[in-house]
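Since the structure comes first, as structure tokens, the remarks are kept for the end.
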Amino acid sequence: MDIYDQHEQSERVRSWLKDNATAIIGGVVIGLGLIFGYQQWQQYKLRQMHMAAEIYERIRAEDATAEAVSAAAAELRDKYPRSGFAVLASLAEASRQAAAGDLEAARGHLAWAVSHADEPAMRVLASLRLARLDLAAGRAEEALKTLDGIRTGGYVAERAELRGDILAALGRRDEARAAYLEAQVAGPVNPAALEMKLGEFPAEEGDAA
């Protein structure tokens, strides 16, 4: 009986394989195709990253002119908008333009960086710079709106201190002090500067802080 059962099972397996051979072969072909396609896609992304990196190196060059930076940044935004290098290029271009006094152009590139940054930390950094620029341009409400739009972590102390600066500009003294205290707890980049800001907003009588 055992021999018969084994023979019957073998026949069933052969029959099943015969009936399903096409589907099995097709599945193997599709699986291999997916693996090959994924490898090709990964190689394509790697090539794209390398080409974007080469363009970005033009911006980092010590002798890079403003025109060269602008041209390289425009090429990155056009060809590799999600590479990460395009965001870095826009930040660099915005810094040069802000230093030259062209705040509107700088703002445009910072806004682009915020909307195209895939990395959360990069998005926060771009948002902080945009908010600072708006504050410097006298657009405190717009700066606060940008700051409130940050939904990810990172740069806790910087965000809190900048919020204090914005609230101070808006005349919201109590809220500004609370924000500065939050920055103090988080560990500010420049403790001495933060202490000076807190000194301008002394605790009211009865304030436990």
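Please treat every number below as a calculation from the coordinates, not as lab data. Since we're looking at a predicted model, the values are computed, not measured. Backbone-built Cβ (ideal geometry, glycine too); neighbour counts: all protein chains shown.
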Net charge (Lys, Arg +1; Asp, Glu -1) of residues whose beta-carbon lies under 9 Å from that of Ile55, Ile55 excluded, is -1
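From the Cα trace of region 155-203, what convex hull volume per residue do you get, rounded to a whole Å³? Walk me through the numbers before you get to the answer.
Values: hull volume 2.8 nm³, N = 49.
Cα convex hull per residue, to the nearest whole number: 56 Å³.
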Per-residue ³J(HN,Hα) for region 79-89, Karplus 6.51 cos²θ - 1.76 cosθ + 1.60, θ = phi - 60°, Hz, x for Gly and Pro = 9, 9, x, 10, 6, x, 5, 5, 5, 4, 5
Per the C-alpha gyration tensor (a ≥ b ≥ c, the square roots of its eigenvalues), region 48-139 is rounded if a/c is under 1.5, else prolate if a/b beats b/c, else oblate; here it's oblate
